[in-house]
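Coordinate-derived values only; no laboratory data. No experiment lies behind these values; they were computed from the predicted model shown. All Cβ positions, even for glycine, are placed from backbone atoms using ideal geometry, and neighbour counts span all protein chains on display.
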Amino acid sequence: MLKYICKRLLASIPVLIVISMIIFGVVKAMPGDEVTAYLGPGSKATAEIKEEAREKLGLNKSIPEQYVLWVGRVVTGDLGTSVALKKPVGQIISDYVWNTFLLNAVSLVVALIFAIPIGIRQAVKKGSLEDNFWTVFSLMGISVPTFFFGLLLIFFIGQNVSWLPISGMRDTMLASFGYDSIFQEIGDVAVHMILPTIVLAFGSFATFSRYVRNSMVEVINMDYVRTARAKGLKEKTIIYKHAFKNALIPLVTLLGLYIPSLFSGAVILETVFVWPGIGKILIDAINQRDSSLVNACLLFSAVLMILGNLLSDVCYSVVDPRVKVDG
Amino acid sequence: MEDNKKKPASAPVTEEKIESVGPWTIAWRKFRANRVAMIGLIVFVLIILAVLFVPMMMGINVTDYELNNMNAAPSSAHWLGTDAQGRDCLYRLFLGGRISIMVGLIAAILTVVLGCLVGGIAGYYGGLVDNLLMRFSEIVYSLPFTPMIIAIASVMLWVPQNQKMYTVAFLIGALSWPGLARLVRGQILTLREQEFMQACEALGFSDFSKITKHLLPNVISLVIVNATLQMASAVLTEAGLSFLGMGVMAPTPSWGNLMNLARNGQVFKNYPWQWLPAGIMCLLTVVSINLIGEGLRDAFDPKEIQ
Amino acid sequence: MNSRKWMAITASTLMAASTMFGCSSGSGSAKKDSGDSSSAASGKPLIVGTTQELAGSFSPLYASTAYDQWVTNLVYQSMMKYNSDSKLELVLLTEEPKLADDGMSVTFKLKSGLKFSDGSDLDANDVKFTFTLLADPEYVGQLNDGSFNFIEGWNEYQKGEAEEVSGIVVEDPTTVTFKFATADIDAVNSIGTWWIMSDTQFEYSKGNLGDYKTKAEETLGSNAYVVKNYDKSAGAALVKNENFENKDKYPVEQVVIKTIAAATELATLEAGDINLLPGLIEADIIGPASVNESIGYNSYFRAGEGYVGFNCKEGPCSDVAVRKALSYATDRAGFVEAFYKFPEASDAVKDTGLGYVPTVFWSPVATTMGDYTTGKADLEGLQTYEFDIEKAKQTLEDAGWKVGSDGIREKDGQKLEIRFLATEGNSVLEMLIPMIMKDWKEIGVDLKQNTVDFNTMIDTVGDLDNKDVSGWDIFFMATGFTGLSSTTMNNLLGYQGTAEDPTYQGSNYTRIVDEDLNNALNAGKNTTDEAASIEAYKKAMVRESELAPYLPMYGNHYFDLYSTSVKNLKTGPVCNWSQALEGVVVE
């Protein structure tokens, strides 16, 4: 197995290289002059100054040369400096990624708290009105544009409930002049999280409840469950002890696959709620033509994506030994 | 996805057996019996009819505006009020629906064509071709979808405003096909091992007839289900992109850029009729397409045959 | 795997989530020493709301957005500043700066005992140092626009081997003289209103800006406030500078710039979460606020205009008759009326109005000249292009543009097709384009719209080195004018070199080249005689109106809304709230 993982990791390297080329190319092709972005909006710099800046940024070299230089820097851990935020890109990402993780992780937990019991109930009462209701409900979860749901929450709840903040992560006054206690800080961040968490959790709830339902339905029809029934065990014991335990295996696999995505931001949602995470940083960076930051954000999510895929293949081969381990 | 992966083991055998009864009839019967899916279908047909005919019947033009009647609340003259240029919101809502659904449709078709082509060729020929194509699709598959599509969309800003919708559709299709390609390839790989294919081989059928007559019909159900779900997600992606101002652009309306109006604080708060209906329509459309997709999946699922 | 493992995963996720609260502060935030913030007893903080995030570059060298410059203004002082009546006041000086008799140098006399917020002295050397930084060859900030090129030795330092800017002479610790290479009407303003930086903040040697470049967030000034905390999403908080000499003049102890969500501006102000909402133009906020008894407002001309620029170099718009005809055929009064309509508002605010049609493209706050722009005074010979479709048709007819079979005019086989390079998400254009499309069609113009993003538009029209400008005919932009001088117009209308082979001034995006205009603009700038400067600029203004390279669409009034607990806030076109906190009290 270890050999398989190593092999897969090695095989990911060429993929990553091609992807880094694509990313670099896309960012290069973005409209807007990098020099203008570097000099700042509304710059009235003369042609000579622009030329100097161009030279300094290495923009006079050919694109392949620039790419090689960029890769060289990235490999040594230098992601460049953001022109908009005037800070090292690595530092920006490590600052913001935890905000994203916090939001995603809490949403996931909230989603699971609802999805597991509801999914089980659905499976037990398969075909009932209740089952249909939750099926349609969770279908709404994957069908609603996240940002629209967010806007709805802000429109109907956020605007009318004065203590419920609709944007940002912390209260400016508290964050600026210091929290009285750690509990106050937790409380402050927590209220800011309520609305975005509802939106994100709704989406994950949909995925997980459907998953739990389907795998429970399958398990319930298995022989050993019938045997347990035949033995005269209590229905509750059958469902939760025997059936659910087995249905859990694929669920845990799915959860494992979720881990990398916890770090990649819900781009549009973070923008709607002005949540200071990776997704919002990416959008800001794209709008400001902050190329080194865009590069880094895209590369970061690509690495997460590849890790996720790798993890999924590995998990799959663990769960289902029939899958040939040859990539 | 998990459903699809399980299918290869039993699907072809069963379907071959019931060929004489007509698999399409059976699927349709099953679909019709699925009440939730039927509701989805009816809603979707209604939406399609509405976006096609309502703008036509209203007898106004996309460039019409009334500057003295801006941001008017819904009334008998304008059922959904007017926007900041005094344009009728109902008209723009349905016209926007046309664009959004069109984008979804084109993207889905593109995904299907690319997915079947790549997956089919890879699965059928195997060997080096398979290896190369699968490597390629792995690369596309590994691109982080949302960030990437936003980045590329921001590159495509130079595209003239009236061709924007095709760009968006093309982008979504170009990034979405690898999933389907993998499925099709897997399906074809299993099919190739089946007896009827070996019979074809023995009878000396041409590649073309083998692919079109024997392989494709066996993956078609998979493809149809996938295309439906793909269309739903393409409509969502378009909405997201246009919401960020990187998709379809005004004056051409789409549900996404109508919702984009909500990013203006005043419109958001004071003139909800300009953005809220678009979101609801979008939700309804995607839900109905998804319902149809799930209905189709169940209808084609051989395990559910009584 | 079994359920125990699953529990473990869930638990670790939860734990990770809870520890995250402790360390997830955004960028550069939260030093939680509450030691010096306990002064809240002596007054409430001034909380300023903005829907735009601060970019976090507060150093005078790099502060590029108006919002970041608020912080710069609060932290840094300049030798002089404008008050709310647009009069220049002394800040760090003991007397009015003295211009030499020949007008070729100016001497500033600093107060003694001035201190930066870290306790170090502010003297003439810091003044020299500040301007030396701006002249550094490595400095490429947005303010490197040649506005200080008139200083002697500037170019030698920036482009040559010179060790220092020779034209800045420190006579003694409180006296500094600037010598000029060329006369400049604006010299005292430009030098006097620039933020003074400390020469001990970071290491500096010529050609090596070092930390100045990478630590644009860090500030060290001499004004009444210092930055206590900055967080990109939450905003900035400033507290009193302990080393500030006249602390009593600034009763407000804490200033907070808070990022608020769009659409909630008025609600947050009414709820008291913020007490100042500066620089608004939105009718939907100003209108309701004006009828709310607990909200006061200041209003003043915004130093800016929204305009349509014509491509004067190539295409149909290079014909002045076409530019004039299009100007006549644009119902600007109708546009402004529709665009700046109040839903509900007090009569006083309605009288002030939000927008107006400028008579000519010129800074509406420019000394003397601004009154001609806003229509407060009349200038003989000025062409103002009131909406008149017939006149537009006639103008085209006279210039030889004849109506073709399809209703579109043509001349010498060239169709009168106008390509509008529009930007996406611009509410002005969303209203303007359908409007002019209709009216311009009537005079036989075929308007084609090409929507791009803002950066692309700027790169297309703003790349003045690019000889090929055939891709567009008109564009729309809103611009801000700096200061009270008309010299800002030189940048928008002028060129260097000969008319045959011109080098356009930095913002001359229309590429208008006219010798008379250029001479008048230069005569206005390169003098030290104010009356002569005004006369020259009047000539330039009239000439510009004849050439019509720009069509000014609208000007506006800015409104600062504040809760009535904020007293004595007086703001003006060149004196925003961050420059006007002296004497302001929050009750």
Computed lengthening from C:Ala100 to C:Lys402, 0.36 nm per intervening residue step minus Cα-Cα distance: 102.8 nm
For the pair C:Glu587 and C:Lys247, what calculated FRET efficiency results from E = 1/(1 + (r/R0)^6), where r is the Cβ-Cβ distance and R0 = 25 Å, to the nearest 0.05? 0.85
Which of the peptides C:519-528, A:232-241, C:363-372 is most tightly packed, and how do the rest follow, judged by the mean count of other Cβ atoms within 10 Å per residue? C:363-372, C:519-528, A:232-241
Of all DSSP beta bridges in the protein assembly as shown, antiparallel share, percent nearest 5: 80
Which aspartates and glutamates, if any, have their Cα less than 14 Å from the Cα of C:Lys258, not counting same-chain residues under 8 positions apart? A:Asp171, C:Glu53, C:Asp68, C:Asp231, C:Asp273
Rounded to the nearest 0.05, what FRET efficiency do C:Gln383 and B:Ala77 give with R0 = 35 Å and r taken as the Cβ-Cβ distance? Could you check? 0.30
Looks like the range A:174-327, by Cα gyration tensor root eigenvalues a ≥ b ≥ c and the a/c under 1.5 rounded cutoff (else prolate when a/b is bigger than b/c, oblate otherwise), is oblate
To test your reading of the geometry: what angle, between 0 and 90 degrees and rounded to tens, separates the Cα axis of helix C:389-398 from the longest principal axis of chain C? 60
Please compare each pair in C:Lys81/C:Lys247; C:Lys128/C:Lys228; A:Lys56/C:Lys179; C:Lys324/C:Lys438 to a cut-off of 20 Å on the Cα-Cα distance and tell me which ones are over it. C:Lys128/C:Lys228; A:Lys56/C:Lys179
Starting from the range C:131-234, pick out the trypsin sites (Lys or Arg not before Pro) whose DSSP state is loop and whose Cβ has at most 10 other Cβ atoms within 10 Å. none
Hey, what number do you get for chain A at 222 nm if only DSSP H runs of n ≥ 4 count, each worth -39500 (n - 2.57), divided across all residues, to the nearest 500? -23500 deg cm²/dmol
Once fully extended, how much extra length lies between A:Gln66 and A:Ser94, figured as 0.36 nm per residue of separation less the alpha-carbon to alpha-carbon distance? 7.6 nm
To the nearest 10 degrees, how steep is helix C:124-135 against the longest Cα principal axis of chain C, on a 0 to 90 scale? 50
Residues with amide H under 5 Å from that of C:Tyr554, placed H, sequence gap 5 or more: C:Gly306
For C:Val106, net neighbour charge (Lys/Arg +1, Asp/Glu -1) across residues whose Cβ lies under 9 Å away: +2
Violations at 31 Å Cα threshold for listed pairs A:Lys3/B:Lys213; C:Lys98/C:Lys215; A:Lys28/C:Lys467; C:Lys111/C:Lys376; A:Lys50/C:Lys313 -> A:Lys3/B:Lys213; C:Lys98/C:Lys215; C:Lys111/C:Lys376
To make sure I understand the rule: partners must be lysines, Cα under 17 Å from the Cα of A:Lys231, and not fewer than 8 residues away in the same chain. Which ones qualify? A:Lys241
Pull up all non-local amide H partners of B:Gln85: gap of 5 or more, or a different chain, and H-to-H distance under 5 Å with H placed in the peptide plane. B:Asn71
Where does chain C land at 222 nm, in deg cm²/dmol rounded to the nearest 500, when only DSSP H runs of n ≥ 4 count, each adding -39500 (n - 2.57), divided by all residues? -8500 deg cm²/dmol
Helix by helix through chain A, keep the DSSP H runs that span 27 Å or more along the axis on Cα and average at least 0.0 on Kyte-Doolittle, and give those back in order. A:2-29, A:89-124, A:182-220, A:291-319
First select every other residue whose beta carbon is under 10 angstrom from the beta carbon of C:Phe387; then total the charges, Lys and Arg +1, Asp and Glu -1. -2
Using the count of nearby Cβ atoms within 10 Å as a rough guide to exposure, how do C:Tyr328, B:Tyr166 rank from fewest to most? B:Tyr166, C:Tyr328
Residues of type lysines that B:Lys30 reaches as a straight line, Cα spacing below 24 Å, ignoring anything fewer than 8 places off in the same chain: A:Lys125, A:Lys126, B:Lys5, B:Lys6, B:Lys7, B:Lys17, B:Lys303
Would you pull out the residues with amide H under 5 Å of C:Ile47's amide H, same chain only if 5 or more places away, H placed 1.01 Å from N? C:Val256, C:Asn275, C:Leu276
Kyte-Doolittle mean at least 0.5, axial Cα span of 30 Å or more - DSSP H helices of chain B: B:35-58, B:89-125, B:164-193, B:216-243, B:276-300
Assuming a viscosity of 1.567 mPa s and a temperature of 4 °C, what translational diffusion coefficient in µm² per second does Stokes-Einstein assign to chain A, Rh being the Kirkwood radius over Cα pairs? 56
Stokes-Einstein D (µm²/s) once Rh is taken as the Kirkwood radius of the protein assembly as shown over alpha-carbon pairs, at 20 °C in 1.002 mPa s: 64
Between the Cα axis of helix C:515-525 and the main Cα principal axis of chain C, the angle (0 to 90°, nearest 10) is 30
